[in-house]
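The structure appears right after this line, and notes come after that.
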Amino acid sequence: MTNAIEIRGLEWTPGEAFALQDLNVTVPRGAIYGFLGPNGSGKTSTIRLLMGMAKPQKGSITVLGGRVPGHLPENLARTGYVPERPHLIPTLTVEEAIRFHSAFYSSWDAAWAMEMKAAFRLPDVTRIARLSKGETGKLLILLALAQRPELLVLDEPTDGLDPVVRRDVLAAVLEYVSETEATVFISSHLVHELERFCDWVGVLDNGRMVTEMTMEDFKKEIKRVRVVGAPAEFQAPLPFDLLGRRKSDGLGLGESWVIRGWRDEMAAFFSEAGAEVRDVMDLDLEEGFVELLSSARPANKNGAVPIGVGEEV
Amino acid sequence: MFKQMLFVNWKASRFGLLPIMMAAFGLPFLAVKSVRLGRMLPRSDLQRGTEILFSSAEWAQLFPALAVAAGAVLALLVWNWDHRGNHVYPLSLPLPRWKYVLMKMGAGAVLLLVPVVALWLGSLLAVSLVEIPDGLRAYPTALTFRFLLSALLCFAIVFAMAAGTMRTAVLILVAWILLIFLGEVLPPFLGQLWGIPSLEGFRFLQWFLDATMSWPGPFEVLAGNWMLIDV
């Protein structure tokens, strides 16, 4: 078994407004998988299904080799989970919450939990309801890590935290991963944050997986190409996926094309059409993410990838 | 694990339990209060016995009411934070759901012992303050046992209802109201239609209460004898 998470053909419709449709996700063991998507795209719903908190109408979910919900307790014993919204019992103090949580995990590392508590400067006797957002975020990470999980499922773990706390939280996760080679499945819409440490990325939009690939491929495959003299319509079919096309900003230097699946030899395609490729630029994850979503949305509606001079994405 | 569950549920319910515990401790004193007030006056044994029985009967209705309240309040309180957190935390814990529910129910049942013990101590203390005439007896332990059974029964019913969603609870309630309505209206109507006098006089609610509140009905324990001092 090489994959920590396998979701196949998942369909789930909780209401009329939203549905997960034919969702396929593959998270290799040991990967740090960034699960990206705008708000309301279905990230948290997918995670809830993954954790067995809801039942899909169709499809299968396998976590650490065990089917969900069949092997749920075994899976959960090996999974550290940080939900989108703090879910702990508000009347407990930090110390009581740690004690309560530890009772359910045979792999609980009490010494490390105490170390983290000290490092995070979490107060022992303060009730959870009175903790700051940052302190709550740290406590959630502490609880997820100290059970020494093989898989960490983090649902927007740094959302709303200040940069210092965010750094602390992510540093703790990375330290644990480097030490244990655990798998991390982290959802976020803070794309730039994930770019630094994820090695896999999946982009979800409107309940559908737009793309799933290694971070390396993501960066290698999606390029911004500056083209001069391109005709409005090409005779030959495009040898790549065109995610966006618009006039370049500034000094009339042609058009800016965002392309997926770019190879250097494709420059010949433009030459044959009387155009010239002036520049090929890498996109960072955030730019690529935005372009991907912009192209995926109309395609979902009309069944066609948008092409058009001057079209703004 | 159970110890932690017990602790967490104690923290969740302690402020709700406190007034019930105080009421459970105080109620037996109220049940013998008029006797104690009057005991300085010269009375015959018969007069005193009658007074004691009246006083005990006067307050007897409050014991089952308190048992119902204790069971219901505790059942609602132990589910409170689960509902507030949309059950996310319990569902993320690595144990089968039936086991979690069973542990929670067990913890609630143990916590019910708090008002039960308070009632027992209160009853023992209250009857020790009264001079009971010949022919009458105090039943502090029997009353406490009846209280325990009633509270557990109510706890179990409300616990099961509160375990579901609000939608489930509303559905059950609506189904009940519908059943009572149909049970009250339909048999007399059909009795008139078909000319069957026994059906015409049938009242569902009365029948249901009779069936459940008298032996061997499950709620008989609530309707039985709740006298602290009796013959």
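Could you say whether any residue in region A:97-113 is in contact with a strand residue (DSSP E or B) (Cβ under 9 Å, 6 or more places away or on another chain), of a type in the set (Lys, Arg) and within 14 Å of another protein chain (Cβ to nearest Cβ)?
No, region A:97-113 has no match at all.
Determine which member of the set B:132, B:52 is in contact with a helix residue (DSSP H, G or I) (Cβ under 8 Å, 6 or more places away or on another chain), of a type outside the set (Asp, Glu) and not in a helix (DSSP H, G or I).
Just one listed residue meets the conditions, B:132.
Among the helices (runs of 4 or more DSSP H) contained in region B:178-231, which hold 2 or more residues that are within 24 Å of residue B:60 (Cβ to Cβ)?
Helices (runs of 4 or more DSSP H) meeting the threshold: B:204-213, B:220-223.
Scan region A:77-89 and report the pairs whose first residue is of a type in the set (A, V, I, L, M) and whose second residue is part of a loop (DSSP other than H, G, I, E, B) and modelled with pLDDT of 90 or more, with Cβ atoms within less than 7 Å and a gap of 6+ or a chain change.
From region A:77-89, the pairs are A:77/A:105; A:77/B:94.
Would you mind finding the one in B:158, B:185, B:170, B:174 that is exposed (fewer than 14 other Cβ atoms within 10 Å of the Cβ), modelled with pLDDT of 90 or more and of a type in the set (A, V, I, L, M, F, W, C)?
Of the residues listed, the single one that is exposed (fewer than 14 other Cβ atoms within 10 Å of the Cβ), modelled with pLDDT of 90 or more and of a type in the set (A, V, I, L, M, F, W, C) is B:174.
Considering A:15, A:30, A:40, A:9, which residue is over 20 Å from residue A:155 (Cβ atoms), of a type in the set (Gly, Ala, Ser) and either part of a loop (DSSP other than H, G, I, E, B) or at pLDDT below 90 (or both)?
Just a single option satisfies the conditions, and that option is A:30.
Return yes when residue B:144 is crowded, with 18+ Cβ neighbours inside 10 Å and polar (S, T, N, Q) and no when it is not.
Here the answer is yes, as residue B:144 does meet what is asked.
Facing another protein chain (nearest Cβ under 9 Å), surrounded by 20 or more Cβ atoms within 10 Å (Cβ to Cβ) and more than 24 Å from residue A:173 (Cα to Cα): does that describe residue A:92?
Spelling it out, residue A:92 is indeed facing another protein chain (nearest Cβ under 9 Å), surrounded by 20 or more Cβ atoms within 10 Å (Cβ to Cβ) and more than 24 Å from residue A:173 (Cα to Cα).
Hey, can you tell me all the residues within region A:74-89 that are at the interface with chain B (Cβ under 7 Å from one of its Cβ atoms), within 30 Å of residue B:14 (Cα to Cα) and modelled with pLDDT of 90 or more?
In the first step, residues of region A:74-89 are kept if they are at the interface with chain B (Cβ under 7 Å from one of its Cβ atoms); the result is A:76-77, A:81, A:83, A:87-89.
Restricting the remaining residues to those that are within 30 Å of residue B:14 (Cα to Cα) gives A:81, A:83, A:87-89.
The answer is A:81, A:83.
Go through (1) under 27 Å from residue A:35 (Cα atoms); (2) in contact with an Asp or Glu (Cβ under 7 Å, 6 or more places away or on another chain) for residue A:94 and report which single condition fails.
(1)
Only one of B:73, B:68, B:78 is assigned to a helix (DSSP H, G or I), among the aliphatic types (A, V, I, L, M) and within 14 Å of chain A (Cβ to nearest Cβ); which?
Being assigned to a helix (DSSP H, G or I), among the aliphatic types (A, V, I, L, M) and within 14 Å of chain A (Cβ to nearest Cβ) holds for just one of B:73, B:68, B:78, which is B:78.
Of B:24, B:57, which residue is within 30 Å of residue B:130 (Cα to Cα), away from chain A (no Cβ under 14 Å), part of a helix (DSSP H, G or I) and at pLDDT 90 or above?
B:24
The values are calculated or read from the model by the stated rules, or taken from the named source; none is laboratory data. Predicted model only: the values in this text are computed from it and were never measured. Note: ideal-geometry Cβ built from the backbone for every residue, glycine included; neighbour counts use all protein chains shown.
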